[in-house]
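Have a look at the structure below, then the notes.
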Amino acid sequence: EPEVTQTPSHQVTQMGQEVILRCVPISNHLYFYWYRQILGQKVEFLVSFYNNEISEKSEIFDDQFSVERPDGSNFTLKIRSTKLEDSAMYFCASSAWHEQYFGPGTRLTVT
Amino acid sequence: KNQVEQSPQSLIILEGKNCTLQCNYTVSPFSNLRWYKQDTGRGPVSLTIMTFSENTKSNGRYTATLDADTKQSSLHITASQLSDSASYICVVTRPADGLTFGKGTHLIIQP
């Protein structure tokens, strides 16, 4: 069964560094999403992406964040200058229509 | 403010017993309501999706109900199994893409 994959599974970075989180959505899906979940808290929507552009973003998704679909398969989330409070699980999801399929997540630890 | 409130926060039941989880929401406008199961350290997995016109939807031992008038939903789990131990998250979608997540109910099934 097709699934969303994410790499790396765990990323440790120093405050102020740039990180790129990678996702490979399900191949025939057209809608892509990033969410984050701070430890012990609820999942929060960051951004949705369709037709090579952002369709919606939350107030969390500020100028430090960007998304890109550099080729036909990858969907990336870049954080330009990480802060301690960016430490969280980051989930990628994709959908063909309503049903969103989530990846296993990348645990980002900012030290 | 768009919110999703879930109760109880945590629940412990014996294997084989039934349980019901509650979700109240204030999200408006409303597109659909979803229940997800999230195992620790994993991405959420969809259980059910209901539009405002649907009152109930089943997926195996999981049955979700929706009352769009009172903005309440429930998830009923029948004949619980040890593998049902997880967080169960109520998610409400607005016509735009963003999902509003509840904090989840942490369910523990004891043998």
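Normalising the average separation of contacting C-alpha pairs (under 8 angstrom, six or more residues apart) by the number of residues puts the relative contact order of chain A at 39 percent. Taken about its Cα centre, chain A carries a charge dipole of about 260 debye when Lys and Arg each add +1 at the Cβ and Asp and Glu each add -1 at the Cβ. Per residue of peptide A:35-43, the mean number of Cβ atoms on other chains within 10 Å of the residue Cβ is 4. First check a/c for the stretch B:28-99, with a ≥ b ≥ c the square roots of the eigenvalues of its C-alpha gyration tensor; if it is under 1.5, answer rounded, and if not, answer prolate when a/b is larger than b/c or oblate otherwise. Oblate is the answer for the stretch B:28-99, as a/c is 1.5 or above yet b/c matches or exceeds a/b.
With r as the distance between the Cβ atoms of residue A:54 and residue A:96 and R0 = 25 Å, compute the FRET efficiency 1/(1 + (r/R0)^6) and round to 0.05. About 0.85, to the nearest 0.05. Take the Cα of residue A:18, step 7 Å toward its Cβ, do the same at residue B:74, and the gap between the two points is 5.3 nm. The count of lysine pairs in chain B with alpha-carbon distances below 21 Å, taking only pairs 8 or more places apart or on different chains, stands at 9. Considering every alpha-carbon pair of the stretch B:1-59, the percent of pairs per 5 Å bin, from zero through the bin containing the longest distance, is 4, 12, 19, 27, 23, 11, 4, 1. Taking the empirical scaling 2.2 N^0.38 Å for compact globular proteins as reference, chain A has a Cα radius of gyration ratio of 0.99.
Cβ-Cβ distance of residue A:109 and residue B:67, R₀ of 25 Å, FRET efficiency by 1/(1 + (r/R0)^6): the value works out to about 0.05. Between the stretch A:73-104 and the stretch B:1-36, the alpha-carbon centres lie 24 Å apart. Averaging 1/r over each pair of different alpha-carbon atoms in the protein assembly as shown and inverting the result gives 18.0 Å, the Kirkwood hydrodynamic radius. For residue B:110 and residue B:52, the FRET efficiency from 1/(1 + (r/R0)^6), where r spans their Cβ atoms and R0 equals 25 Å, is about 0.10. Once you sort the root eigenvalues of the Cα gyration tensor of the stretch A:18-80 as a ≥ b ≥ c, which label holds: rounded (a/c under 1.5), prolate (a/b larger than b/c) or oblate (the other case)? Because a/c hits 1.5 or more and a/b exceeds b/c, the stretch A:18-80 counts as prolate. Of the residues B:74, B:107, A:32, the one whose Cα sits farthest toward the positive end of the charge dipole of the protein assembly as shown, with +1 on the Cβ of Lys and Arg and -1 on the Cβ of Asp and Glu, is B:107.
Readers should treat all values here as calculations from the given coordinates under stated rules, not as data from a laboratory. All values reported here derive from a predicted model rather than from experimental measurement. Virtual Cβ from ideal backbone geometry, glycine too; neighbours counted across all protein chains shown.
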